[in-house]
1. Which residues, taken from segment 1-15, are exposed (fewer than 15 other Cβ atoms within 10 Å of the Cβ) and among the β-branched types (Val, Ile, Thr)?
2. Tell me whether segment 16-29 contains one or more residues that are outside any loop (DSSP other than H, G, I, E, B), open to solvent by 90 Å² or more (accessible area, probe 1.4 Å) and free of Cβ contacts under 8 Å to residues at least 40 places away in the same chain.
3. Would you mind finding the one in 29, 53 that is among the acidic types (Asp, Glu) and at positive phi?
4. Identify, please: which residue in segment 35-61 is more than 17 Å from residue 1 (Cβ to Cβ), acidic (Asp, Glu) and more than 11 Å from the chain's Cα centre (by Cα) and is, among those, modelled with the lowest pLDDT?
5. Report, by residue number, each residue of segment 20-58 that is more than 19 Å from residue 69 (Cβ to Cβ) and either in contact with an Asp or Glu (Cβ under 8 Å, 6 or more places away or on another chain) or among the aromatic types (Phe, Trp, Tyr) (or both).
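The values are calculated or read from the model by the stated rules, or taken from the named source; none is laboratory data. Source: prediction; values computed, not measured. Neighbour counts run over all protein chains shown; Cβ positions are idealised from the backbone, glycine included. Side chains are part of the model used for accessible areas, which takes the heavy atoms of the whole protein and leaves out ligands, DNA and RNA. Shrake-Rupley method; radii C 1.70, N 1.55, O 1.52, S 1.80 Å.
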Amino acid sequence: MQNQQVHINRVAFQSPNPTTGEALYALAEIANHEKLYREIKGDQEDELILRDETPVDVKEDEHFYSQKMFDIL
């Protein structure tokens, strides 16, 4: 397992690779009412990272960001 530098909310962190969604949320102390997304280049939608033990492969200098969750009724 090798560490990679990733950016979450514009802050650099060292993350093992592979990691999990739960570990990325914990690494950046993402609040329970927020979701984490991986920035995707081009016209594709950014990828939601689930807060669970699903494996996540990260790349050096990859960027993630969090946003508050909203329920639409």
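1. Answer for segment 1-15, where residues must be exposed (fewer than 15 other Cβ atoms within 10 Å of the Cβ) and among the β-branched types (Val, Ile, Thr): just 11.
2. no
3. Among 29, 53, only 29 is among the acidic types (Asp, Glu) and at positive phi.
4. 43
5. Passing the criteria: 20, 40, 53.
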